[in-house]
1. State all residues of region B:150-166 that are free of Cβ contacts under 8 Å to residues at least 24 places away in the same chain and charged (D, E, K, R); if no residue qualifies, say none.
2. Among the listed residues A:Ala57, A:Ala51, identify the single one that is within 14 Å of chain B (Cβ to nearest Cβ), of a type in the set (A, V, I, L, M, F, W, C) and either under 19 Å from B:Ala133 (Cα atoms) or in a strand (DSSP E or B) (or both).
3. Quick one: which of B:Val91, B:Val73 is closer than 27 Å to A:Gln88 by Cα, touching a strand residue (DSSP E or B) at 6+ places or on another chain (Cβ under 7 Å) and not charged (D, E, K, R)?
4. Take the residues of region A:165-191 that are hydrophobic (A, V, I, L, M, F, W, C), farther than 19 Å from A:Leu92 by Cβ and within 11 Å of DNA strand C (Cβ to nearest atom): which is surrounded by the fewest Cβ atoms within 10 Å (Cβ to Cβ)?
5. Do we find that A:Phe113 is more than 7 Å from chain B (Cβ to nearest Cβ) and part of a strand (DSSP E or B) in this structure?
6. Can you tell me which condition A:Glu95 does not meet? The list is (1) closer than 16 Å to A:Phe173 by Cα; (2) surrounded by fewer than 16 Cβ atoms within 10 Å (Cβ to Cβ); (3) more than 14 Å from every other protein chain (Cβ to nearest Cβ), and all the others hold.
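The values are calculated or read from the model by the stated rules, or taken from the named source; none is laboratory data. Since we're looking at a predicted model, the values are computed, not measured. Ideal geometry is used to build each Cβ from the backbone, glycine not excepted, and the neighbour counts take in all protein chains shown.
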Protein chains: 2
Amino acid sequence: MDELIEYIEEGLSLSEDMKRDLKEISKVKHLEKGEMVLSEKSSRKIQIFVASGCLRAYHKTENGKDHTIQFAVKNWWISDYITLFTKQNSVLYIESLSHSKVFLLEQASLEKFYSKYPEFEVVLRKNLEKRVATLQKRILGLLTLTAKEKYQKFIEEYEVFERLIPNYQIASFLGITPESLSRVRKEISHS
Amino acid sequence: MDELIEYIEEGLSLSEDMKRDLKEISKVKHLEKGEMVLSEKSSRKIQIFVASGCLRAYHKTENGKDHTIQFAVKNWWISDYITLFTKQNSVLYIESLSHSKVFLLEQASLEKFYSKYPEFEVVLRKNLEKRVATLQKRILGLLTLTAKEKYQKFIEEYEVFERLIPNYQIASFLGITPESLSRVRKEISHS
DNA sequence: CGCGACGTTGATTTGCCTCAACGATTGTGG
DNA sequence: CCACAATCGTTGAGGCAAATCAACGTCGCG
């Protein structure tokens with residue numbers, strides 16, 4: 001019943017000790033649609049693993065506008081890296097977009113876990129490498145594409161998400177307004 | 001004389017064996033201004049460590065426009081993560097913006113090095129974590145800021161670079177045109 | 001039912017781009 | 001050592017993609 005362990009074992013077979021410790025530091029949480037996991041007040045340093053459902057990490061500007069940094073579904077990690085690994089704190093909100101099951105892991109506990117089981121580092125590293133590649137791609141997309149192209153690329157790559165996510169949030173991920181997205185969608189459907 | 005080893009030892013003290021192996025897999029290269037390290041033809045999988053000087057990684061679109069992914073100075077790594085860690089290959093060019101000294105490390109050799117010295121993984125991981133945070137911040141900036149704000153933030157954060165980098169390359173990093181950057185600079189100087 | 005959240009559409013505005021021209025600087029070859 | 005070309009930054013005029021502002025239809029839910 002522990003999706004986190006199942007997921008990790010795709011990359012590394014875990015000893016009983018590791019499993020036990022992992023269970024100890026991870027708290028399962030079931031989330032309602034719209035429920036917040038992370039907000040400004042609770043500037044907890046945690047990482048979140050998604051066992052089922054769909055989550056979103058976003059930033060709010062002073063004038064109240066959302067900007068989505070990341071969506072995450074089953075077997076994805078979602079966390080506020082800016083808070084975790086720089087001096088700034090809690091710039092991101094993380095909310096659930098549906099019924100979700102997640103595992104919460106305190107960064108401090110994770111660090112201990114890593115140093116107790118250094119063989120775990122390699123899995124982590126590979127995950128991070130891919131993540132960096134993904135982010136570089138996203139930056140390229142933001143720099144080079146038009147609103148229409150961004151959306152087309154999004155529905156190609158994020159097929160899984162499409163149904164789960166309201167359009168205005170997709171817009172905020174692509175860096176365009178909901179109105180523009182709506183027009184783009186209209187244009188695409190007419191062709 | 002080995003800046004790479006010096007740099008790594010800030011985070012982890014190296015055994016003689018590690019040093020020897022590191023030297024074996026890293027090739028020093030001195031670069032002229034304008035010289036390419038990585039281009040489409042040579043789709044080599046390498047990572048680059050900057051010992052001195054300044055480099056730039058960028059992408060070229062079909063219509064010939066540059067889009068800068070990263071600048072790097074002393075003690076930075078610069079690599080094409082998209083080629084290294086996804087199926088796409090060589091989407092980035094990497095060039096030197098000044099006299100530079102760099103270390104080139106084949107990804108394959110690095111992998112071997114990592115598995116021979118797993119204690120090295122932790123350094124790597126921490127580096128990647130910071131990198132992810134930096135990229136997340138950049139995405140936030142691209143999503144939320146105006147041309148002027150982007151430039152102001154850039155000169156704050158990248159003070160070191162300012163003199164080394166021509167303005168049109170800064171523009172291509174910020175996702176604006178050189179003309180717009182010029183107007184922004186004018187506006188700022190008049191206030 | 002009635003309210004609020006969401007998507008759409010239209011009218012208008014605007015920030016930035018495009019295109020074009022022109023100095024300033026650098027460097028290169030005769 | 002100078003003439004010339006190339007590169008880079010700047011400025012102006014005009015255009016366009018996307019934002020803004022506003023209104024309205026629809027759907028789901030308390």
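1. Once the filter is applied, which keeps residues that are free of Cβ contacts under 8 Å to residues at least 24 places away in the same chain and charged (D, E, K, R), region B:150-166 yields B:Lys153, B:Glu156, B:Glu157, B:Glu159, B:Glu162, B:Arg163.
2. Values: A:Ala51 fails: within 14 Å of chain B (Cβ to nearest Cβ).
Among A:Ala57, A:Ala51, only A:Ala57 is within 14 Å of chain B (Cβ to nearest Cβ), of a type in the set (A, V, I, L, M, F, W, C) and either under 19 Å from B:Ala133 (Cα atoms) or in a strand (DSSP E or B) (or both).
3. Numbers: B:Val91 fails: closer than 27 Å to A:Gln88 by Cα.
None of the others qualify; the one that does is B:Val73.
4. Among those that are hydrophobic (A, V, I, L, M, F, W, C), farther than 19 Å from A:Leu92 by Cβ and within 11 Å of DNA strand C (Cβ to nearest atom), it is A:Ile188.
5. no
6. Tallying (1) closer than 16 Å to A:Phe173 by Cα; (2) surrounded by fewer than 16 Cβ atoms within 10 Å (Cβ to Cβ); (3) more than 14 Å from every other protein chain (Cβ to nearest Cβ), A:Glu95 fails exactly one: (2).
Residue-wise test of (1) in a helix (DSSP H, G or I); (2) within 12 Å of DNA strand D (Cβ to nearest atom).
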site	(1), (2)
A:Ile139	yes, no
A:Phe161	yes, no
A:Ile176	no, yes
A:Ser191	no, no
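Residue-by-condition table, conditions (1) touching a helix residue (DSSP H, G or I) at 6+ places or on another chain (Cβ under 7 Å); (2) of a type outside the set (Asp, Glu); (3) closer than 29 Å to A:Thr177 by Cα:
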site	(1), (2), (3)
A:Asp21	yes, no, no
A:Val28	no, yes, no
A:Met36	no, yes, yes
A:Lys45	yes, yes, no
A:Asn63	no, yes, yes
A:Lys74	no, yes, yes
A:Ser79	no, yes, yes
A:Asn89	yes, yes, yes
A:Lys101	no, yes, no
